[in-house]
Amino acid sequence: MVSTRHVVLFIALALLAACSEPEGPPRPTFSLNGEPLVPPQWPQKCEDAIDMWFDRLDAGHTGGVTLAELTADAERQYKLMDLRHDGKVTAEELSKYRLKIMGGHYLSVSTPGQRVGLGRGSDDEARPGDRLDEPADDDRPHKRHGDDDRPVDAYAALVSDQPDPVMSADNDLDGSVTWDEFRALVAQDFAEFDKDHTGVITKSEVERTCSRK
């Protein structure tokens, strides 16, 4: 017969194991234009980071952001992600940009929900776009590697069950996002928030993105 002491010991060990279970990477906050709003430059809380980003766009303190203002910010952000300056953002470029801005603390390197060592992955090889282990100007076919030395890509790197804020603009599924594709996504997002058709989006409307996380 199991004694009360053994039961208490078992419960204590179970609680200790649960407490020691590593937490997943924190969910990053992104602007409507795919800009990572992460510490230390931005507040940790999603609503605070979105408010700070909104105030940057609303330079005239009107309380609203127009499509022209949002598009101008999107163009600025797109140029930062387009590391090759060739008019398209590939998965490789986006991954390199995010690793520099966000760091490994915000990234997993396998499929969303799985956690493995940084710099390794087990995702399938069939994803479109470039890989981190290839030179920036190398368009040769990628060789297949073992699971232990698979590089990160932008799809696998973002820990989220939401559509990627940048790569979801890839309408033709060629593994890259052109400025026209990205601008179209920005306009679509703007229309989604401007449901009252006032021509501007407000801070409270944009804060709704935080509830999607």
Test set (1) touching a Lys or Arg at 6+ places or on another chain (Cβ under 9 Å); (2) modelled with pLDDT under 90; (3) of a type outside the set (Phe, Trp, Tyr) - residue 21 fails condition number:
(1)
Does the range 84-99 contain any residue that is modelled with pLDDT under 95, in contact with a Lys or Arg (Cβ under 8 Å, 6 or more places away or on another chain), over 22 Å from residue 177 (Cβ atoms) and not aromatic (Phe, Trp, Tyr)?
no
Name the residues in the range 36-50 that are in a helix (DSSP H, G or I) and farther than 24 Å from residue 167 by Cα, would you?
48
Selection from the range 56-72 of residues surrounded by fewer than 21 Cβ atoms within 10 Å (Cβ to Cβ) and under 21 Å from the mean Cα position of the chain (by Cα) yields 56, 57, 71, 72
When residues of the range 140-187 are limited to those that are among the β-branched types (Val, Ile, Thr) and in contact with a strand residue (DSSP E or B) (Cβ under 8 Å, 6 or more places away or on another chain), the one modelled with the lowest pLDDT
152
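The values are calculated or read from the model by the stated rules, or taken from the named source; none is laboratory data. As the structure is a prediction and not an experimental result, all values here were calculated from the model. Positions of Cβ are backbone-derived with ideal geometry, glycine not excepted, and every protein chain shown enters the neighbour counts.
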